[in-house]
Amino acid sequence: MIESSVEVQVEPSVELSVVIPMFNEEEALPALAERLRPVLDGTGETYEVLAVDDGSTDGTAGQLARLRDGWPQLRVVRLRRNSGHQAALTAGLHHARGHYAASLDADLQDPPEKIPEMLALARSRHLDIVYGVRGNRSSDTGFKRRTAAVYYWLMRRMVGDHVSAQAGDFRLLSRNALDALRALPDQPQVYRLLMPWFGFPSGEVVYRRDPRVAGRTKYPLRKMVLLAVDSVISFSVAPLRLAVWLGTLAFCVCLAMVGYTLAVYAAGDTTRGWTSLIIAVLFVGAVQLICLGVLGEYIGRLYTAAQQRPTYYVAEDTGDRVPAAVAGRS
Ligand code: UDP
Ligand code: MG
């Protein structure tokens, strides 16, 4: 049985949490710590750095343990297995104990120096969300830029214009927004679509997205496609509607074919027609398979939601006095 998060309110104990999901980031970690710590120490705020180790199989866990020795504000939430970027982010945001929580990538593509600016903006204008907005993507590869352009175009068409093409997962959330997140059922979320959907007062801080500091991207094409499919299906029924249109189109084509077939029959010329027959069979078959696939995606998600399996499992949280294996949220 999953605990409902609503009654498990977090009592903030620090001013700022910095949530960093990481998967096999041993190469990037030293540079991250070196750049992040002076920025956070310099703010004079109480803070915690919440590193979510998303089931890393390299030296990430060992590195984090070493870093913790000299950095008491570093807290490590270790997930039992690799659960994916968005699930790791969920774990971090659920466990954050700050009045505000910033989320950023471990590879220093999101500059930590912008965090104090985000915090100041949120406080001065009483904002619940401050998005990090990319000034330009010149540091991304051409392939990444093109796929991102297609992704955001599709999302804006299907989900709505409130999806910013330039906002990724670098943002600051207030306790209000964090509580709203915790109140949601534990299902896979796509945060860049979910956060604008809440409708909280929000602002933007522009930043330049740097190249990854070390190591390789953890988002191969396969994961990018999965994120895109998740994004569409979790926020829109447009593909189902598309299936209806496809079906209607196939029906119209079939009607035309019926007319043609009858005409040929009346003319007594019925032996020809192999090509059109095969085309019709293949066309109808393909449309049916596509529609079934679309239906299947939605049913699959309903099925997963009905099973109520948590999206992540916490193996250890160094912020707990007694480390224990905790299922789902704690
Ligand atoms: N990440 C994660 N779990 C995964 C994949 C990625 O926690 O299964 C983290 C990764 O360590 C990084 C962030 O998500 O901190 C973004 O990943 P990456 O930089 O590889 O993606 P890209 O910037 O290339 O889109
Ligand atoms: Mg990156």
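Read-outs: derived from the displayed coordinates by stated rules, not from any lab. None of the values given here were measured: they were computed from a predicted structure. All Cβ positions, glycine included, derive from the backbone under ideal geometry; neighbour counts span all protein chains shown.
Placing unit charges on the Cβ atoms of the charged side chains and taking the dipole of segment 176-330 about its Cα centre, the candidate lying farthest along the positive direction among Gln189, Leu292, Gln307 is Gln189.
When the Cα atoms of the chain are aligned to their principal axes, the ranges along those axes come out at 91, 46, 39 Å in descending order. Remark: the Cα gyration tensor places segment 45-153 in the oblate category, a/c being 1.5 or greater and a/b not exceeding b/c. Under a 5 Å amide H cut-off, with hydrogens placed 1.01 Å from N, Val19 pairs with Leu50, Ala102, Ser103, Leu104 among residues at least 5 apart or on other chains. Cross-link reach is defined here as a Cα-Cα straight distance under 19 Å, omitting same-chain residues fewer than 8 places apart; for Lys144 the aspartates and glutamates meeting it are Asp105, Asp107, Asp110, Asp169, Asp210, Asp230.
Per-peptide packing, taken as the mean over residues of other Cβ atoms within 10 Å, places 153-163, 169-179 in the sequence 169-179, 153-163 from highest down. When each full DSSP H helix of the chain is screened for a Cα extent of at least 20 Å along its own axis and an average Kyte-Doolittle hydropathy of at least 0.0, the helices passing are 29-43, 221-235, 238-266, 274-307.
Quick check on segment 1-110: take the gyration tensor over C-alpha atoms, sort the square-rooted eigenvalues as a ≥ b ≥ c, and tell me if it's rounded (a/c under 1.5), prolate or oblate. It is oblate, given that a/c is not under 1.5 and a/b is not larger than b/c. Only helices enter the 222 nm calculation for the chain: every DSSP H run of n ≥ 4 contributes -39,500 (n - 2.57), and dividing by all residues gives -16000 deg cm²/dmol, rounded to 500.
Taking the mean number of other Cβ atoms within 10 Å as a proxy for protection, how do you rank 311-317, 38-44 from highest to lowest?
Final packing ranking: 311-317, 38-44.
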